[in-house]
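Colleague: I'd like to ask some things about the structure below.
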Amino acid sequence: MSDILMIKDLPINSKKVLMRVDFNVPVDQDGKISDDARIKAALPSIQWVLDHGGSLILMSHLGRPKEPSLKDSLYPVALRLSELLNKDVTFVGGSRGTEVKEKVSQMQPGDVVLLENLRFEAAEEKPEIDPQYAKDLASLADIYIDDAFGSAHRAHTSITEVPKLFGKMKGAGLLLSREVEFLDKTLKTPARPFVAIIGGSKISSKIGVIEALEKKADTLLIGGAMAFTLLKSQGVKVGNSLVEEDVKLPKLTNTLLPLDFVCEKEGELKTFTVDEGIPDGWKGLDIGPLTLEKFKSEIDQAKTLFWNGPMGLFEDPRFAKGTEVLLKALADSSATTIVGGGDSLLAVKNCGLESKITHLSTGGGASLEYIEFGTLPGIEVLKL
Ligand code: ADP
Ligand code: MG
């Protein structure tokens, strides 16, 4: 990140700062935020701007709205942010147009404005259909800061187009730079042995990262449903387990696959080894005891550990053991431990082990793509 300005390098005083944050929080049917971790994660950068005499225009997406609708509004976030900052946050019901311009023109140092969900404008996700959108957003401020690590892998207007219009007056927020520095430090020259653990349902969504980790790590452990697609290609009987057809599989050399599985058939549970194969009618839903023992011994020797993707259908307590036992091994390890991924973070939270992991990455997809490509579109565009 040496060719990127940090928030601390920018002349914030009496300037208007446009900051891309990741306020993509879960909101329930009553409009209540069920987890405000992402809002809290942005507070250090927000506070930095306010403490240094800037005024702050915040922008984010929320969910995947097809059209503007109340249920995807960022309004509840404005309320929560106002509580957390203990000051008024002005919410504007859009991200372009006269009302936005008017509210922003009245801002004084220390003021905070939150724009409405950027994805209510189709041009957020498709910059090419309306290049004016980036210009409209950029016209609001003097300085651009990206603190949305979790979105930095997306070539969207607010991530890759708006910063191009700020010349040298752009940089990285504290969350973005912390994530990148951490991933750089631990994964580019990892303390060895470096053991990576990948799980989850679909191998097709993680082929790139599996290939990258296969090269970087000393050992790659693969669990979760994705193991069945690999095992089936080796001629193993996988019964009714989840298998993806027509995927180009990565070449694996230093990878360990599961040795056994906890399987279910009509409510009955039974463990089958890979050697005996999973009979028809049975579905593999968690890794079994032999696998756990093998994986745990690899984890215990590691000096760097990266984990993404549950080992089984962990939402069902009957199939959560593999994920929980591995996670506890990670938590007990003296190695540097990194966990990324939406469902993986949920598993960490369910086990109450947040404080025992060295680094919880706020961006699932972003951290995987950063490992795969060594950079992200939203980071490249900040370079001077
Ligand atoms: P992350 O969000 O951490 O990147 P993924 O989204 O790739 O993880 O995968 C998580 C999902 O994979 C979970 O919903 C989990 O239930 C599912 N999963 C893992 N193993 C199995 C399995 N053996 N059978 C069915 N689903 C599985
Ligand atoms: Mg997921």
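The values are calculated or read from the model by the stated rules, or taken from the named source; none is laboratory data. All of these numbers come straight from a predicted model, not from anything done at the bench. Here the Cβ is made from the backbone with ideal geometry for all residues, glycine too, and neighbour counts use every protein chain on show.
Colleague: Can you tell which of 284, 364, 342 is within 12 Å of ligand 1 (Cβ to nearest atom), surrounded by 16 or more Cβ atoms within 10 Å (Cβ to Cβ) and modelled with pLDDT under 95?
Modeller: Details: 284 fails: modelled with pLDDT under 95; 342 fails: surrounded by 16 or more Cβ atoms within 10 Å (Cβ to Cβ).
Step by step, each of 284, 364, 342 is checked, and only 364 is within 12 Å of ligand 1 (Cβ to nearest atom), surrounded by 16 or more Cβ atoms within 10 Å (Cβ to Cβ) and modelled with pLDDT under 95.
Colleague: In the list 145, 198, which residue meets the criterion of being in contact with a strand residue (DSSP E or B) (Cβ under 8 Å, 6 or more places away or on another chain), closer than 15 Å to residue 364 by Cβ and either in contact (Cβ under 8 Å) with a residue 12 or more places away in the chain or buried (at least 24 other Cβ atoms within 10 Å of the Cβ) (or both)? Steps first, please.
Modeller: Working: 145 fails: closer than 15 Å to residue 364 by Cβ.
When all the criteria are applied, what remains is 198.
Rundown of residues vs (1) surrounded by 15 or more Cβ atoms within 10 Å (Cβ to Cβ); (2) more than 22 Å from residue 358 (Cβ to Cβ), yes/no style:
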| site | (1), (2) |
| --- | --- |
| 233 | no, yes |
| 240 | yes, yes |
| 288 | yes, yes |
| 298 | yes, no |
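Colleague: Starting from the stretch 329-348, keep only residues that are closer than 15 Å to residue 306 by Cβ, then list their pairs with residues that are among the polar types (S, T, N, Q) and more than 16 Å from ligand 2 (Cβ to nearest atom) whose Cβ atoms are within a distance under 7 Å, requiring at least 6 positions of separation or different chains.
Modeller: Going by the 7 Å Cβ cut-off, the qualifying pairs are 330/337; 335/304; 336/186; 336/304; 336/358; 337/358; 338/186; 338/358.
Colleague: If you check residue 258 against the conditions, is it surrounded by fewer than 19 Cβ atoms within 10 Å (Cβ to Cβ), of a type outside the set (D, E, K, R) and either closer than 27 Å to residue 346 by Cβ or over 26 Å from the mean Cα position of the chain (by Cα) (or both)? Spell out the reasoning first.
Modeller: Numbers: surrounded by fewer than 19 Cβ atoms within 10 Å (Cβ to Cβ): no; of a type outside the set (D, E, K, R): yes; either closer than 27 Å to residue 346 by Cβ or over 26 Å from the mean Cα position of the chain (by Cα) (or both): yes.
No; evaluated as a whole, the condition is false for this residue.
Colleague: Residue 358: touching a helix residue (DSSP H, G or I) at 6+ places or on another chain (Cβ under 9 Å) and surrounded by fewer than 17 Cβ atoms within 10 Å (Cβ to Cβ), yes or no?
Modeller: On the way: touching a helix residue (DSSP H, G or I) at 6+ places or on another chain (Cβ under 9 Å): yes; surrounded by fewer than 17 Cβ atoms within 10 Å (Cβ to Cβ): yes.
The answer is yes for residue 358.
Colleague: Something else about it: Take residues that are within 16 Å of ligand 2 (Cβ to nearest atom) and tell me which of the helices (runs of 4 or more DSSP H) falling wholly in the stretch 172-234 contain 3 or more. Step through it out loud before you land on a result.
Modeller: Details: elements: 174-188, 207-216, 226-233.
Here the list reads 207-216.
Colleague: Name the residues in the stretch 230-262 that are in contact with an Asp or Glu (Cβ under 6 Å, 6 or more places away or on another chain) and within 11 Å of ligand 1 (Cβ to nearest atom), would you?
Modeller: Answer for the stretch 230-262, where residues must be in contact with an Asp or Glu (Cβ under 6 Å, 6 or more places away or on another chain) and within 11 Å of ligand 1 (Cβ to nearest atom): just 262.
Colleague: Residue by residue through the stretch 281-304, note down the ones that are under 22 Å from residue 270 (Cβ atoms) and hydrophobic (A, V, I, L, M, F, W, C).
Modeller: 282, 285, 287, 290, 292, 295
Colleague: Here's something else I'd like to know. Go through the stretch 368-377 and count every residue that is charged (D, E, K, R), under 12 Å from the mean Cα position of the chain (by Cα) and away from ligand 2 (no atom under 16 Å from the Cβ). Show your work before the answer.
Modeller: First pass over the stretch 368-377, keeping only residues charged (D, E, K, R): 369, 372.
Then keep just the ones that are under 12 Å from the mean Cα position of the chain (by Cα); that gives 369.
The next check asks that each one be away from ligand 2 (no atom under 16 Å from the Cβ); those that pass are none.
Qualifying residue count for the region: 0.
Colleague: Another one. Grab the helices (runs of 4 or more DSSP H) fully contained in the stretch 269-367, keeping just those with 1 or more residues being within 14 Å of ligand 2 (Cβ to nearest atom). If you could, list the steps in order and put the result at the bottom.
Modeller: Working: elements: 289-301, 321-332, 342-350.
In the stretch 269-367, the matching helices (runs of 4 or more DSSP H) lie at 321-332, 342-350.
Colleague: Can you work out which of the residues in the stretch 300-339 that are within 12 Å of ligand 1 (Cβ to nearest atom) and among the β-branched types (Val, Ile, Thr) is surrounded by the most Cβ atoms within 10 Å (Cβ to Cβ)?
Modeller: Checking each candidate, the answer is 323.
Colleague: Could you tell me whether the stretch 80-91 includes any residue that is under 16 Å from residue 118 (Cβ atoms) and modelled with pLDDT under 95?
Modeller: Within the stretch 80-91 (the criterion being under 16 Å from residue 118 (Cβ atoms) and modelled with pLDDT under 95), the answer is no, since none of the residues qualifies.
Colleague: Going by the structure shown, is residue 117 touching a His at 6+ places or on another chain (Cβ under 8 Å), in contact (Cβ under 8 Å) with a residue 60 or more places away in the chain and within 26 Å of residue 135 (Cβ to Cβ)? Quick ask: steps written out before the conclusion?
Modeller: On the way: touching a His at 6+ places or on another chain (Cβ under 8 Å): yes; in contact (Cβ under 8 Å) with a residue 60 or more places away in the chain: no; within 26 Å of residue 135 (Cβ to Cβ): yes.
So residue 117 does not fit the description; no.
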